[in-house]
Amino acid sequence: MKQRLKAATQSAVTRIHQLAFDRGLPRKVGVYLHSLPEPDHDSFAEMCRFFRDEGYRFTGPEEFLSEADDRCVFISFDDNYRAWYEALPLFGSLDVRVTFYVNTCALRERDSPDAIEAYFDRLGFAGPRIPLSAAELVALADAGHTVGTHTHSHHRLTSIPFDDALADIAAGKEGLEAILGRPVTHFAYPYGMRRHFSEELRTACQSMGFATIANAIPGLQHAPQTPSSINRSGWDPDLSLAENVQRLRVDGQRFERRTGRSAVV
């Protein structure tokens, strides 16, 4: 009963915002996905073609924040899935560069099957549980895509001691730098809502050398951009193009600021 009531309330909030707070597509759009299995390739390609037809330019994280007036779209993926590596030909055929925010606690050739299962259990992921290898991570970066960190272990950072959260962020950064042989300066915090990340952690991350920090708060596409923060909304391959675009059009920043919840999903 509680879950049904919650779902009905969320549906009503979303509908009200779609009717009263539709601001059109923003000039800057940040979206995130998770795995990208082959059955979702057509949906992804449809999304990319839509934005290109609408005059958007695909950018990396720093360009996304620095471009003041251009129509820009920032596409990113969270967690750790071999499906990203398998999608490299798709990204090439679409001429898009994307950003991967990677957890390093589950690398295929390094970590045990039990550790990999525990990682995907923590994510609640029910698809193919195959993470990347170190060599595949290098291949993603060598293909021109940005690789950032998503912490080492994908914990809720505000639910663990502050020093443990810092250590997990640092371990993800340092682990990726060792694999890639280059600095890692972009970060997305796990779970992505405001309640999952503190301003104290943000200050510490900037001190670590992160140039950008990405959230995952739907409904903030119309919020003002700050110098180092990227607002992202989820893109759901199981929904239609029109439904996903409608979510981006909604200005839900007031609702999110007052309640800590999303006005969109």
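The values are calculated or read from the model by the stated rules, or taken from the named source; none is laboratory data. Source: prediction; values computed, not measured. Here the Cβ is made from the backbone with ideal geometry for all residues, glycine too, and neighbour counts use every protein chain on show. Only protein heavy atoms, including side chains, enter the accessible area calculation; ligands, DNA and RNA are left aside. Shrake-Rupley method; radii C 1.70, N 1.55, O 1.52, S 1.80 Å.
Here is a list: Tyr85, Tyr56. Which entry is more than 22 Å from Ile230 (Cβ to Cβ), surrounded by 15 or more Cβ atoms within 10 Å (Cβ to Cβ) and aromatic (Phe, Trp, Tyr)?
Selected residue: Tyr85, the only one of Tyr85, Tyr56 that is more than 22 Å from Ile230 (Cβ to Cβ), surrounded by 15 or more Cβ atoms within 10 Å (Cβ to Cβ) and aromatic (Phe, Trp, Tyr).
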For residues that are of a type in the set (A, V, I, L, M, F, W, C), under 20 Å from Arg57 (Cβ atoms) and either under 11 Å from the mean Cα position of the chain (by Cα) or open to solvent by 30 Å² or more (accessible area, probe 1.4 Å) (or both), tally how many sit in region 88-111.
2
Could you grab me the full set of residues in region 170-189 that are surrounded by fewer than 17 Cβ atoms within 10 Å (Cβ to Cβ) and not in a helix (DSSP H, G or I)?
Gly181, Arg182, Pro183
Consider Glu243 carefully, then state whether it is charged (D, E, K, R), free of Cβ contacts under 8 Å to residues at least 24 places away in the same chain and under 25 Å from Asn103 (Cα atoms).
no
If Gly192 satisfies all but one of (1) part of a strand (DSSP E or B); (2) on the phi > 0 side of the Ramachandran plot; (3) not aromatic (Phe, Trp, Tyr), what's the number of the condition it fails?
(1)
Consider Thr203 carefully, then state whether it is surrounded by fewer than 19 Cβ atoms within 10 Å (Cβ to Cβ), more than 25 Å from Ala8 (Cβ to Cβ), among the β-branched types (Val, Ile, Thr) and under 18 Å from the mean Cα position of the chain (by Cα).
no
Would a scan of region 98-113 turn up a residue that is touching a residue at least 12 places away in the same chain (Cβ under 8 Å), part of a helix (DSSP H, G or I) and among the aliphatic types (A, V, I, L, M)?
no
Based on what the data block shows, is Gly252 at pLDDT 95 or above and either farther than 22 Å from Phe44 by Cα or open to solvent by less than 10 Å² (accessible area, probe 1.4 Å) (or both)?
no
Counted residues, region 206-222 - those being open to solvent by 20 Å² or more (accessible area, probe 1.4 Å) and in contact with a helix residue (DSSP H, G or I) (Cβ under 7 Å, 6 or more places away or on another chain)
3
Boolean, Ala216 is in a loop (DSSP other than H, G, I, E, B), within 30 Å of Ala170 (Cβ to Cβ) and touching a residue at least 24 places away in the same chain (Cβ under 8 Å)
yes
Need the failing condition index for Thr158 against (1) among the hydroxyl-bearing types (Ser, Thr, Tyr); (2) surrounded by fewer than 21 Cβ atoms within 10 Å (Cβ to Cβ); (3) at positive phi, just the number.
(3)
Within region 228-242, is even one residue more than 18 Å from Gly192 (Cβ to Cβ), open to solvent by less than 30 Å² (accessible area, probe 1.4 Å) and part of a loop (DSSP other than H, G, I, E, B)?
no
